[in-house]
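To start, the structure itself, in structure tokens.
Derivation of every value follows stated rules applied to the coordinates shown; laboratory data play no part. Remember, it's a predicted structure, so these values are computed and weren't measured experimentally. Neighbour counts run over all protein chains shown; Cβ positions are idealised from the backbone, glycine included.
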């Protein structure tokens, strides 16, 4: 057994079943080891950002880590944006990053770089293998580290000679860490806020946006009248008819500040106090109103279900929650396709327990609200703001949950960041329906240009936000990567095409021109 085989056996024994890979020469021993391992599924990505984003989507849905296989510092750097998103989502990921053989580093070969320096900004745990014999133990530690605090990024750097040198047997898996419990003082502080007689909100994020925690939060709302809020970009929000539904904090800072202005207490559960996504001239960064208290019931990574249930019991909340979403399917309009028309069709046709990967950007402002009363589903969002996440996350979700339909709502501009995802979706025959919402521009940036105070932008400035010279041909792009594609310009055509795509299995793409 060599080091790579020892590491692979350690990972699979610890429950890691999938490796999203874009390997190079330094990782060939690991590639060879996967070839003889029935317990590890390799999924090839044509770009490292697809591999890391797919690991994020997998971890959000499987609630355990996938591995990535990345090639030295530059390969890791290509995947950093979606590792940033995964870290913000609290997703467990184990990165296996090859490096030059230890004796080769002294020669400063062209791909030599500071791999540790690349890894640290997007990792919670970084370790360089010490030897082939130690590599399995490092792998076990990486898996355990990825499961700490509800989910972290663990990066293991493997010199090539440690992969091919002889090794001992695989290391035993380490016991997974237990979620931190919430101290009684935090429950008592939250209860005092709820009983203050002043306006109170409970801000939910992370694991608190899954159904068991939402139900407990709904019990608290039923007892106290507290409003339930959702962080703007959730890693995984379980929503739809019959589920407790929090109100989403608006994206734009001034709208969020207005939304929050009347609260005197905002109880934080599984997230952090709300701040503006960006700074703007003469606009607030801290969004809670002056004088508002923000007691923390549960930090990210703690047992939010236990915390909310303990608080509900402490205040003698009823068993039945409030804020339960009723079934609500909006009327489907006719004529020219708009984001609202897309949302109405999605709401009407949403399969039971579908998974939505949402990187629809400005179109999402109309789509998300009208789908609240659709069939129960999971909604995955752009947690860290680094665009190019939506299609890779859809890959990971489909691999994690092959029995569930995945719907990728994807803006055209950000889709081009990780366009190679379509090839992996086709190669793996994943049950993903991709909707490219094509408005021919970076529409959000047209809005932001005005919001930062730019007046009367000229043609050169506007050209930097325009995607029509030349226009992207999504039918050709999709079909060139093996995904069957259609185009819709009216609501009627989109409804028909989405109906057909959701009724089948396997990859489909609809270009929705708005």
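Things worth noting here:
- Rounded if a/c under 1.5, otherwise prolate or oblate - the range 93-246, Cα gyration tensor axes: prolate
- Exposure proxy for 319, 153: other Cβ atoms within 10 Å of each Cβ, ordered fewest to most, give 319, 153.
- Within the range 436-471: backbone nitrogen closer than 17 Å to the residue 282 label point (7 Å, Cα to C-beta): 449-456
- Placing a label point 7 Å from the Cα of residue 353 along the Cα-to-Cβ line, the residues of the range 477-514 whose backbone N sits under 20 Å from it are 502-507.
- The mean sequence separation of alpha-carbon pairs under 8 Å and at least six residues apart, normalised by the residue count of the range 1-86, gives a relative contact order of 35 percent.
- DSSP-defined beta bridges in the chain - what % are antiparallel, rounded to 5: 10 percent
- Spin-label pair residue 479/residue 467, simplified geometry with 7 Å Cα→Cβ offset, distance in nm: 2.0 nm
- Sequence-distant contacts, meaning Cα pairs under 8 Å at least 6 residues apart, place the relative contact order of the chain at 14 percent.
- Using alpha carbons only: equivalent-ellipsoid semi-axes of the range 367-514, gyration tensor based, whole Å: 28, 17, 16
- Annotation: the residues 469, 195, 210, sorted from fewest to most other C-beta atoms within 10 Å of their own C-beta, follow the order 469, 195, 210.
- Gyration tensor verdict on the range 404-454 (Cα atoms; rounded if a/c is under 1.5, prolate if a/b is larger than b/c, oblate otherwise): prolate
- Calculated P(r) tail over 29 Å for the range 3-164, as whole % of Cα pairs: 7 percent
- The range 376-424: C-alpha gyration tensor shape, a/c 1.5 cut-off, then a/b vs b/c: oblate
- Taking the C-alpha atoms of the range 307-433, convex hull volume expressed per residue in Å³: 143 Å³
- Helix-only [θ]222 nm of the chain, DSSP H runs n ≥ 4, -39500 (n - 2.57) each, per residue, nearest 500: -11000 deg cm²/dmol
- Extending 7 Å from the Cα toward the beta-carbon at both residue 455 and residue 275 defines two label points whose distance is 3.1 nm.
- Spin-label zone in the range 188-225 - amide nitrogen under 19 Å from a point set 7 Å from the Cα of residue 316 along the C-beta vector: 188-197, 219-225
- Likely footprinting exposure, 58, 314, 103, fewest C-beta neighbours within 10 Å first: 103, 314, 58
- Mean separation of Cα contacts under 8 Å, 6 or more apart, over the residue count of the range 184-314: relative contact order %: 33 percent
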